[in-house]
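Chemist: My questions all concern the structure below.
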Amino acid sequence: MHGRLKFAAWLAALYCAALGLIAATLVMVEVGMPAQDQAVVSRMFEERAPLLAFVGGLLLLACGGFVAWLFKRYVTAPRALAEQTRVVLANPGYRVEAAAAPELSALAAEINRLAGAYHGVQRDMEAKIAESGSRLEEERNRLAALMSDLSQGVLLCNAEGRILLYNEQARTLFSSAAAPIGLGRSVFGLLDREEIVHALDKLQYALDQGTEAPSTRFITALAARGLVRVQMAPFLAAGGRVGGFVLALEDVTRFVGQELQRRQLLQALSTGVRAPVANIRATVENMVSFPEMDPAQRQRFARIIAEESINLSKSIDQALSEYADAIKASMALEDMRAADLVTVAKRRIGALLRVDADDVDQNLWLRVDSFALVQSLGYLAWRLREEHAVDAVRLRARARETFAELDLVWSAAPLSSEVISLWESQPMQVAAEQTPLTLKDVLERHGGEMWYQRDEPSGASWFRFLLPLGEAAPQPSRRRLPAESRPEYYDFDLFQRAGTQREFDDQPLDELAYTVFDTETTGLEPSAGDEIISLGAVRIVNGRLLKHEVYEQLVNPQRPLNRESSRIHGIDARLLVSQPTLGAVLPEFHRFCEDTVLVAHNAAFDMRFLELKEAATGIRFEQPVLDTLLLSAVVHPSLQDHSLEAIAERLGVRVIGRHTALGDALLTGEILLKLFPLLAESGISTLKQAREASQRTYHARLRY
């Protein structure tokens with residue numbers, strides 16, 4: 001029962017008992033008394049009623065004071081002592097106080113003595129843990145140094161695509177991505193989902209075939225960054241399934257320019273060579289046609305041949321020198337076994353119609369962009385189903401001289417040349433999935449061809465792709481390395497966090513990702529026109545405050561600052577003139593907060609500013625919100641002060657950078673992590689329980 005209700009109940013019980021005692025006494029006095037005596041007594045009560053009422057009031061007041069004294073010494077004080085005792089477990093330097101009954105003061109002293117002994121043992125254990133973990137920390141530092149020295153960006157993801165580790169090169173590579181990079185965030189916000197799923201399918205197939213260390217690569221586009229080459233390798237889970245994967249990323253945008261350079265090289269060679277070759281040819285034809293020409297004329301023709309040969313050589317040397325870096329193989333193609341490509345294509349086409357494969361050369365290797373080629377086969381199968389009611393296709397692949405033939409075969413009415421030409425020139429689309437690439441684009445990328453054939457006697461039709469042959473990859477070693485020679489991968493807890501996409505409310509508090517934020521404003525009345533002038537935020541993932549993943553931005557409020565608020569946050573109004581408005585800042589902040597629970601101290605105040613901007617910006621923050629002020633009131637209902645400084649002092653959190661948006665967000669994040677074990681002791685372990693408990697507190701009534 002709440003403290004105020006319990007006090008009221010005690011006081012009401014005492015008042016009722018006193019009134020009942022007086023009433024019983026009067027009844028006992030009057031029972032058996034003669035009528036004339038009863039009249040005398042009644043007249044006496046009537047004459048002295050004011051005095052009796054005054055005495056009764058004093059008596060009731062004394063009773064109330066006595067109950068309040070007892071309640072404060074033996075109810076409120078023990079409750080506060082219990083709450084302070086829980087704080088001791090979270091803050092080793094905190095000591096309880098009991099300014100009440102001497103008995104409780106003695107109890108507080110014993111609690112402090114036990115707390116000192118407990119934390120002494122805890123310090124010893126922490127020292128041993130620190131000693132045993134020093135070598136592990138050294139290995140982690142080596143890993144971090146190694147990753148920082150890599151020229152490639154690296155992402156390590158779990159099976160759900162959640163980022164567990166990344167290096168500075170990856171952060172730079174995705175600096176202009178629509179979604180920010182960060183621990184616990186989805187890699188699908190950075191790279192195309194379909195390409196990653198396609199690559200995972202290839203890896204799983206290779207694992208099913210017994211390949212010891214499979215890997216694959218593909219090239220994809222990044223917003224405002226051109227192209228990136230991705231090499232993917234898996235981590236194995238139980239049962240041989242892919243439990244996670246590592247991505248090595250390299251910016252290959254320059255190779256797009258080199259492709260243009262290759263074309264320019266061909267053009268320059270053709271232009272520079274044409275005239276000298278024509279002159280040499282004309283001169284040689286004259287010399288052959290007139291074998292009897294005089295020696296002087298023949299010598300002049302010979303000089304022409306020599307001069308034009310020198311010019312031809314110079315043109316070739318100049319072109320080769322200027323475009324030397326462009327003479328490289330295409331980076332978009334990879335060597336792949338035809339049987340593996342057919343297997344991946346069957347998985348994609350199988351979602352549309354029945355598919356089979358026959359006459360596939362198991363030793364045939366292709367040089368292909370497997371993702372684009374599988375997209376093409378799926379696109380053709382979809383058009384056959386939608387426009388010609390084809391319900392089954394077959395795939396076959398075999399070598400033909402210096403090329404490979406890949407066929408998509410079906411049985412149905414023949415296709416017209418107009419239909420085929422239309423299919424080749426339109427962007428490929430399968431249901432709602434669309435790509436700007438056309439079949440012609442894919443064929444040009446491979447330097448290949450596609451044509452339509454039909455066998456009238458059998459009624460079979462097929463599209464035939466003529467593709468370049470690839471080189472067989474070396475067979476992977478089947479020998480397993482001894483355990484001591486394998487690289488040591490650290491026990492990232494996020495590997496075990498399956499199902500992170502389920503409803504927030506059902507998840508344990510320490511498994512959620514949080515964005516802890518704070519605002520500085522022109523004043524304290526959002527509904528009266530005050531505006532945000534600074535936003536700061538930090539992320540919490542897997543119970544860790546990620547101080548390197550922060551958001552901090554000054555905002556132009558487009559209105560004067562309140563003098564009192566300026567004294568608190570110390571922001572000079574002149575600094576804000578050149579800053580973006582909140583309408584430009586909120587989309588970035590919204591992306592930073594995606595897929596997380598919002599946390600703030602006195603969150604009703606900060607959220608009100610964001611809510612008032614919904615209509616103007618179209619940005620809505622619909623994720624759950626936790627308030628550290630309310631959570632503190634949940635775990636310490638008998639303590640009166642729940643300001644940020646008071647909570648920090650109770651929980652042993654060092655206060656640095658107060659009254660800056662980012663500084664307060666960092667402080668609030670550390671307080672939240674300290675509150676988690678105290679909430680667990682109170683039986684609050686999930687987000688839903690924390691939100692419901694917060695709404696029952698007195699402070700939840702605050703509105704702005």
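Chemist: Ala238 - would you say it is at pLDDT below 80, open to solvent by 20 Å² or more (accessible area, probe 1.4 Å), among the hydrophobic types (A, V, I, L, M, F, W, C) and farther than 23 Å from His548 by Cβ?
Modeler: yes
Chemist: Being basic (Lys, Arg) and within 18 Å of Gln152 (Cβ to Cβ) is the requirement here; does Arg229 meet it?
Modeler: So Arg229 passes the test.
Chemist: Within the range 654-680, track down each residue that is under 19 Å from Ile571 (Cα atoms) and of a type in the set (S, T, N, Q).
Modeler: Thr660
Chemist: Out of Val187, Val197, report the one residue that is open to solvent by 20 Å² or more (accessible area, probe 1.4 Å) and of a type in the set (Val, Ile, Thr).
Modeler: Just a single option satisfies the conditions, and that option is Val197.
Chemist: Is there a residue in the range 365-374 that is surrounded by fewer than 20 Cβ atoms within 10 Å (Cβ to Cβ) and part of a strand (DSSP E or B)?
Modeler: There is at least one residue in the range 365-374 that is surrounded by fewer than 20 Cβ atoms within 10 Å (Cβ to Cβ) and part of a strand (DSSP E or B).
Chemist: Then there's this: Could you look through the range 146-194, keep only residues that are touching a Gly at 6+ places or on another chain (Cβ under 9 Å) and among the acidic types (Asp, Glu), and pick out the one that is nearest to Val252 (Cα to Cα)?
Modeler: Restricting to residues being touching a Gly at 6+ places or on another chain (Cβ under 9 Å) and among the acidic types (Asp, Glu), the top hit is Glu168.
Chemist: Answer yes or no as to whether Glu649 is at pLDDT 90 or above and acidic (Asp, Glu).
Modeler: The answer is no for Glu649.
Chemist: Tell me, which residue of the range 565-614 that is charged (D, E, K, R) and outside any helix (DSSP H, G or I) is modelled with the highest pLDDT?
Modeler: Across the range 565-614, the extreme among qualifying residues is Lys613.
Chemist: Go through (1) within 25 Å of the chain's Cα centre (by Cα); (2) without any contact (Cβ under 8 Å) to a residue 60 or more places away in the chain; (3) open to solvent by 30 Å² or more (accessible area, probe 1.4 Å) for Phe621 and report which single condition fails.
Modeler: Phe621 satisfies all of (1) within 25 Å of the chain's Cα centre (by Cα); (2) without any contact (Cβ under 8 Å) to a residue 60 or more places away in the chain; (3) open to solvent by 30 Å² or more (accessible area, probe 1.4 Å) except (3).
Chemist: Now a separate question. If I filter the range 305-318 for residues that are open to solvent by 80 Å² or more (accessible area, probe 1.4 Å), modelled with pLDDT of 75 or more and either aromatic (Phe, Trp, Tyr) or touching a Gly at 6+ places or on another chain (Cβ under 9 Å) (or both), do I get at least one hit?
Modeler: No: zero hits.
Chemist: Taking the range 667-689 only, how many residues are among the small types (Gly, Ala, Ser) and in a helix (DSSP H, G or I)?
Modeler: Final tally of qualifying residues: 2.
Chemist: Consider Leu203 carefully, then state whether it is assigned to a loop (DSSP other than H, G, I, E, B) and either modelled with pLDDT under 85 or in contact with a strand residue (DSSP E or B) (Cβ under 7 Å, 6 or more places away or on another chain) (or both).
Modeler: Considered against the rule, which asks whether it is assigned to a loop (DSSP other than H, G, I, E, B) and either modelled with pLDDT under 85 or in contact with a strand residue (DSSP E or B) (Cβ under 7 Å, 6 or more places away or on another chain) (or both), Leu203 comes out as no.
Chemist: Among the residues of the range 377-391, which ones are open to solvent by less than 30 Å² (accessible area, probe 1.4 Å) and of a type in the set (A, V, I, L, M)?
Modeler: Scanning the range 377-391 gives Leu377, Leu380, Ala381, Leu384, Val390.
Chemist: In the range 338-353, what residues are in contact with a strand residue (DSSP E or B) (Cβ under 7 Å, 6 or more places away or on another chain) and either open to solvent by less than 50 Å² (accessible area, probe 1.4 Å) or farther than 13 Å from Tyr205 by Cα (or both)?
Modeler: Result: Ala338, Ala339, Leu341, Val342, Ala345, Ile349, Leu353.
Chemist: Assuming Leu630 fulfils every condition listed in (1) more than 13 Å from Leu675 (Cα to Cα); (2) of a type outside the set (Gly, Ala, Ser); (3) crowded, with 22+ Cβ neighbours inside 10 Å apart from one, which condition is it?
Modeler: (1)
Chemist: Evaluate the range 144-165: report whether one residue or more is at pLDDT below 75, in contact with a Lys or Arg (Cβ under 7 Å, 6 or more places away or on another chain) and outside any helix (DSSP H, G or I).
Modeler: Within the range 144-165, none of the residues are at pLDDT below 75, in contact with a Lys or Arg (Cβ under 7 Å, 6 or more places away or on another chain) and outside any helix (DSSP H, G or I).
Chemist: Which of (1) in contact (Cβ under 8 Å) with a residue 24 or more places away in the chain; (2) touching an Asp or Glu at 6+ places or on another chain (Cβ under 9 Å); (3) open to solvent by 30 Å² or more (accessible area, probe 1.4 Å) is the odd one out, the single condition Lys547 does not satisfy?
Modeler: (2)
Chemist: Name, by its number, the condition in (1) open to solvent by 40 Å² or more (accessible area, probe 1.4 Å); (2) over 30 Å from Leu651 (Cα atoms) that does not hold for Leu582.
Modeler: All conditions pass for Leu582, except number (1).
Chemist: Continuing with the same structure: Given the criterion assigned to a strand (DSSP E or B), within 23 Å of Gln204 (Cβ to Cβ) and either acidic (Asp, Glu) or open to solvent by 40 Å² or more (accessible area, probe 1.4 Å) (or both), identify the matching residue among Asp356, Asp407.
Modeler: Being assigned to a strand (DSSP E or B), within 23 Å of Gln204 (Cβ to Cβ) and either acidic (Asp, Glu) or open to solvent by 40 Å² or more (accessible area, probe 1.4 Å) (or both) holds for just one of Asp356, Asp407, which is Asp356.
Chemist: Could you check how many residues of the range 671-690 are closer than 19 Å to Asp506 by Cβ and touching a strand residue (DSSP E or B) at 6+ places or on another chain (Cβ under 7 Å)?
Modeler: 4
Chemist: Taking the range 422-434, which residues are loosely packed, with under 12 Cβ neighbours inside 10 Å and outside any strand (DSSP E or B)?
Modeler: Leu422, Ser425, Ala431, Ala432
Chemist: Name the residues in the range 108-125 that are open to solvent by 50 Å² or more (accessible area, probe 1.4 Å), within 12 Å of Arg95 (Cα to Cα) and hydrophobic (A, V, I, L, M, F, W, C), would you?
Modeler: Residues satisfying the conditions are Ala109, Leu114.
The values are calculated or read from the model by the stated rules, or taken from the named source; none is laboratory data. Nothing here was measured: the structure is a model prediction, and the numbers come from that model. Using ideal geometry, Cβ is built from the backbone for each residue, glycine included, and neighbour counts are taken over all protein chains shown. Side chains are part of the model used for accessible areas, which takes the heavy atoms of the whole protein and leaves out ligands, DNA and RNA. Shrake-Rupley method; radii C 1.70, N 1.55, O 1.52, S 1.80 Å.
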